[in-house]
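First the structure, in the form of structure tokens, and then the observations on it.
Please treat every number below as a calculation from the coordinates, not as lab data. Predicted model only: the values in this text are computed from it and were never measured. For neighbour counting, all protein chains shown are included, and Cβ atoms are generated from backbone atoms with ideal geometry for every residue, glycine included.
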Amino acid sequence: MEARTALVTHMFQVALDQLSIDEPAVHDDTDLYFEDGNIILQAEQTRFRLHKSIITARCPVFRDMLSFPQPAQNELIDGCVVVKLPDTANDAGLFFRAIYDYSFFEAPPAPAIVEDTLSILSLSHKYDVPNLHRRALAHLSTAHVCTLEEWDAEDSTALTFRDIEGSIADPLLRMIEVVYEVNALWLLPTIFYLCCSHPLQKILDSPQWISGSICETHKRTVLLGWAKQQHETLSFQKALIHAPTANCITHAACAAHVRRWDVSVMAVKGDKLPGGISPLASNGGQKFYYERLCQPCSQSMKTMAEQKRIAFWNMLPSLFGLPGWDELMKMKAAALKCIP
């Protein structure tokens, strides 16, 4: 009997130990657990003790949810009802900070981090907080513009990725999913363009892609768009072999340079990106190519390339099954008509 009791006790202790391993301990957020708070919102294993009056005033969804009598069996901690949310602790923490502290997430031209902006955009849409929603859209719109002139003039220092040394394919994939979720389609052409400027293997190896966070429809859009974008990029680069021109003054040198360029472009195989010039690089980004041509050839190629750039920009939304720029700009104007 004693042996059986000891065995049961041992098994119970093993089960408790396993629970402690499988279930991370619940903890209080260090910045958003107010002593005078009167409601606890829990996301994953993190608790936020907040003020019901503030949350319900800013978030209509919470106001409606908390207006119903809470079940008597609801868990109480520190005298507060605990409401569990289906969101990640990181997203919830950023969202609540933005609600409590305006300076934490100011409107442009204040700086912002892409990953934080996506978290705030997603939850402000979900919980119906229009001012934060528009502010997040405004930040993303500073980098993901609707005209080629804005693209060329873009100052990207205000909106940055947290991990700028690694691949940005992963946050770009998350951006695609969140932007579709909130129907901010005008942001997508340049997001897709930047994402599909990565080698295909890097996209497929992205944690967002592997984890299943990206729906199958959007994965298909990425894959088809990647192939179309690479085709158009290669077509753009092949157009640069139309030198020497009729007015060339160093025919042999220009011809040799163009042959070397042609060989480097044609050497691209598999999922590797066409080397050299991107269609959306400005003339400054193409300097290394033009500076090896004579002045007449260089000027002629610059003019031709700019025409090709404009054509590529105009077709960019269609590569990913999106409406044209005119319709996208109307959507943008309607969404950003008031940015508090």
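Return the whole-Å distance between the Cα centroid of the stretch 68-131 and the Cα centroid of the stretch 292-325.
Value for the Cα centre distance between the two parts: 43 Å.
Could you tell me what a quarter of the Cα convex hull surface of the stretch 24-87 works out to, in nm² with one decimal place?
4.7 nm²
Whose amide H sits under 5 Å from the amide H of Tyr33, counting only residues 5 or more places off or on another chain, with H placed in the peptide plane?
Those lying under 5 Å, H to H, from Tyr33 are Arg49.
Residue by residue, what Karplus-based ³J(HN,Hα) values in Hz, rounded to whole numbers, does the stretch 126-139 have, using 6.51, -1.76 and 1.60 with θ = phi - 60° and x for Gly and Pro?
Here the 3J(HN,Hα) series is 5, 9, 6, 10, x, 5, 5, 4, 5, 5, 5, 4, 5, 4 Hz.
Note down the net charge around Lys126, summing +1 for each Lys or Arg and -1 for each Asp or Glu among other residues with Cβ under 10 Å from its Cβ.
Residues close to Lys126 contribute a combined charge of -4.
Given the pairs Lys228/Lys302; Lys287/Lys332; Lys52/Lys337; Lys84/Lys332, which span a C-alpha to C-alpha distance of over 26 angstrom in this model?
Lys287/Lys332; Lys52/Lys337; Lys84/Lys332
Given H placed on each backbone N at 1.01 Å, which residues far from Leu85 in sequence or on other chains put an amide H within less than 5 Å of it?
Here Gln42, Ala43, Glu44 satisfy the definition.
Of the peptides 112-120, 251-259, how do they stack up when ordered by the mean number of other Cβ atoms within 10 Å, highest first?
In descending order of packing, they fall as 112-120, 251-259.
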